[in-house]
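The values are calculated or read from the model by the stated rules, or taken from the named source; none is laboratory data. Everything numeric here is computed off the predicted structure, so don't read it as measured data. Methodologically, a virtual Cβ is constructed for each residue, glycine included, from the backbone with ideal geometry; neighbour enumeration extends over all protein chains shown. Heads up: the accessible areas ignore ligands, DNA and RNA and are worked out on the full protein's heavy atoms, side chains in. Shrake-Rupley method; radii C 1.70, N 1.55, O 1.52, S 1.80 Å.
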Amino acid sequence: MRNFSNVKHTVMIAGALLLLGAGCGTAKQMAPDGGVFKSGDGGETWRQSNAVPTTAGVRSFSTANVLSLVPDPTHAGTLYAGTADDGLFVSYTGGADWRRLGDAASVRALAVDPTAPCTLYASVGNRVTKSNDCGRVWFSAFDVAKPTQEVRALALAPDNHNRLYIGLSDGVFLVSNDAGATGSVAYRFNALIRKIVTDAKNPARMYVVTEGKGLWRSNDAGNTWSDLREPLRTFAGNQTGWELAIDPEQNQKLIYASPYGLLRSENGGDSWTPIPLITAPGEARIYAVAINPEAPQEMYYSAVVAGKSLLYKTVDGGANWRTKKLLTVRIPTTIHIHSEQPEEVFIGTYLQQ
């Protein structure tokens with residue numbers, strides 16, 4: 001077990017927003033069809049949601065590439081947007097306006113403490129940074145040993161806010177039991193970790209999605225792991241995982257996105273069945289999946305098909321899908337459904353170079 005010492009130097013301090021043209025921070029001068037989009041009617045219509053009020057007027061981060069959308073688990077109207085190169089933004093008003101927390105940086109993953117929501121953990125390169133004051137001041141909780149080991153995924157244990165899970169680009173899975181002060185290697189997946197998904201109804205159970213070694217499950221809070229590629233072996237592309245979502249009402253039900261398409265499990269990953277899509281198996285590159293927390297038969301997924309970015313919606317558990325028009329050519333990389341007003345849907349977008 002390898003320990004990483006706590007480094008107490010400040011890495012980001014919130015201050016005046018540095019704005020370039022129509023965008024924030026170091027955003028490139030590109031067509032302003034990026035950032036965050038919001039629908040108030042279940043995906044029927046969309047508008048950009050990127051306003052950043054400043055002393056110099058209302059600006060925008062509409063040129064930003066969004067890597068993650070993370071809600072505050074204690075306040076449904078608070079949403080965080082992590083971006084590539086432009087830092088972390090927060091909205092306390094359901095997307096009506098935003099402010100940036102800290103300086104320009106790539107923030108790929110974020111975890112919010114459910115018992116103390118002003119405690120935040122964010123990934124910046126090979127570092128896990130932390131704030132105890134709602135993002136005003138950040139410090140480095142610890143640095144990963146190698147600069148090339150990027151922090152790609154973060155999650156907090158549902159039953160222990162001091163237990164932090166960290167997934168790295170080289171497949172190393174770290175666990176901190178002291179709120180990020182130290183961390184130790186718990187497992188090596190030897191493939192990029194895309195996502196860590198914890199089960200709120202069964203805190204001992206968790207999943208890791210990897211690119212190269214497929215999907216894994218732990219029933220003892222990350223101490224030991226089961227390789228779920230065997231039950232997935234009949235589906236092409238089982239070595240690559242893109243996304244995983246747990247049904248909010250029945251935690252044994254999972255939706256898994258891989259190169260094959262969307263797959264459903266009714267038993268926590270022990271067996272899988274394909275969900276029929278509009279596209280043929282292997283045709284779509286799926287980026288994000290979201291399940292309506294109040295009506296799990298309603299789901300969304302975003303994909304790129306033949307170079308075109310698309311959003312799909314079903315209201316009957318995948319029996320039928322409808323294509324939703326978007327106001328951007330960028331990739332919808334992440335989807336968030338408001339937990340108390342599920343007709344409000346957010347997408348984060350990314351311009352592929």
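Checking region 205-215 against the condition returns a match, with at least one residue being at pLDDT 95 or above, open to solvent by 60 Å² or more (accessible area, probe 1.4 Å) and either over 20 Å from the mean Cα position of the chain (by Cα) or of a type in the set (Asp, Glu) (or both). Suppose the filter is assigned to a strand (DSSP E or B) and at pLDDT below 95; does Ala145 pass it? Answer is no for this residue.
Given the options Tyr287, Tyr256, name the one that is open to solvent by 30 Å² or more (accessible area, probe 1.4 Å), in contact with a Ser or Thr (Cβ under 8 Å, 6 or more places away or on another chain), closer than 26 Å to Tyr80 by Cα and outside any loop (DSSP other than H, G, I, E, B). Step through it out loud before you land on a result.
Numbers: Tyr256 fails: open to solvent by 30 Å² or more (accessible area, probe 1.4 Å).
Only one candidate passes the filter, namely Tyr287.
Across region 105-119, the number of residues qualifying as open to solvent by less than 10 Å² (accessible area, probe 1.4 Å) and touching a Gly at 6+ places or on another chain (Cβ under 6 Å) comes to 1. Screening Ser218 on (1) buried (at least 16 other Cβ atoms within 10 Å of the Cβ); (2) touching a residue at least 24 places away in the same chain (Cβ under 8 Å) shows it passes everything except condition (2).
If you go through region 91-104 and keep only what is open to solvent by less than 20 Å² (accessible area, probe 1.4 Å) and either farther than 27 Å from Leu192 by Cβ or assigned to a loop (DSSP other than H, G, I, E, B) (or both), you end up with Ser91, Gly94, Gly95, Trp98, Arg100, Gly102. Mind listing whichever residues of region 158-171 are assigned to a strand (DSSP E or B), open to solvent by less than 10 Å² (accessible area, probe 1.4 Å) and not aromatic (Phe, Trp, Tyr)? Once the filter is applied, which keeps residues that are assigned to a strand (DSSP E or B), open to solvent by less than 10 Å² (accessible area, probe 1.4 Å) and not aromatic (Phe, Trp, Tyr), region 158-171 yields Leu164, Ile166, Gly167, Leu168. Exactly one residue out of Gly34, Gly15 is open to solvent by less than 10 Å² (accessible area, probe 1.4 Å), in a loop (DSSP other than H, G, I, E, B) and either at pLDDT 50 or above or not polar (S, T, N, Q) (or both), and it is Gly34. Filter region 71-86 down to the residues that are in contact with a strand residue (DSSP E or B) (Cβ under 6 Å, 6 or more places away or on another chain) and either open to solvent by less than 30 Å² (accessible area, probe 1.4 Å) or free of Cβ contacts under 8 Å to residues at least 40 places away in the same chain (or both) and list them by number. Residues satisfying the conditions are Asp72, Thr78, Leu79, Tyr80, Ala81, Gly82, Thr83, Ala84, Asp86.
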